[in-house]
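Each remark here refers to the structure printed beneath this line.
Please treat every number below as a calculation from the coordinates, not as lab data. Quick caveat, the model's predicted, so the values are computed rather than measured. Methodologically, a virtual Cβ is constructed for each residue, glycine included, from the backbone with ideal geometry; neighbour enumeration extends over all protein chains shown.
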Amino acid sequence: MTVRADGDEALLRAVAQGDREALEALYRRHAPWLMVRLSRRCSDPGLVEEVVQDTFVAVWRGAGRYRGTGEVPAWIWGIGIRRLIDRLRRSPAAVMREVPHDEVSISAEDQVLLGVEHGDLGTALGRLSPELRAVVQATVLDGLTTKEAATLLGIPQGTVKTRAARARRELREALA
């Protein structure tokens, strides 16, 4: 097995041309962190594995639609989190959870987020109730829409909006 040193965009262009080795390289490079991040949102490891597989099938089928705006990992994450949300809609019995940081290996992206979490902002986030913190994580850190966050968290869209507004107010007060 050869390891490809191509950049993500070059690999994605190759995937769009039907290059299975490029897809395999993307999978080896990105599936581990995707698995960890999705596992933080869903406690069913089997479901998470299926979603990761579905994500890379979608990458295979949709690589030609990637337009180069934004980073490839962010594009893959968008596919993955939306696949998880779709699966949770069909199977709401999967329990959502947040995995403690010491249970997973930390990616560079997560290390940056940990740096933010342990500063003033992290202290303020830590003071939020779990319900408010979950909404902030879904809408701000994961970049989900209100509708997607509502589905992921199993609450109405209006509740997401109310909690987001309350969280912003509490964060402003804590950081003032």
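For this structure, a couple of remarks:
- Summarising the label geometry, the points placed 7 Å from Cα in the beta-carbon direction at ARG166 and THR145 lie 2.5 nm from one another.
- Note on LEU121 and GLN53: the model spin-label points, each 7 Å out from Cα along the C-beta direction, lie 3.7 nm apart.
- Sites ARG90 and GLU131 - FRET efficiency at Förster radius 22 Å, r taken between beta-carbons, to 0.05: 0.35
- Charge tally for ARG168 (other residues, Cβ to Cβ under 13 Å; Lys, Arg +1; Asp, Glu -1): +4.
- Our coupling estimate for the stretch 77-83, obtained by passing each phi through the Karplus curve with A = 6.51, B = -1.76, C = 1.60 and θ = phi - 60°, is 4, x, 5, x, 5, 5, 5 Hz, Gly and Pro reported as x.
- Label point distance in nm, LEU175-GLU21, each placed 7 Å from Cα along Cα→Cβ: 4.7 nm
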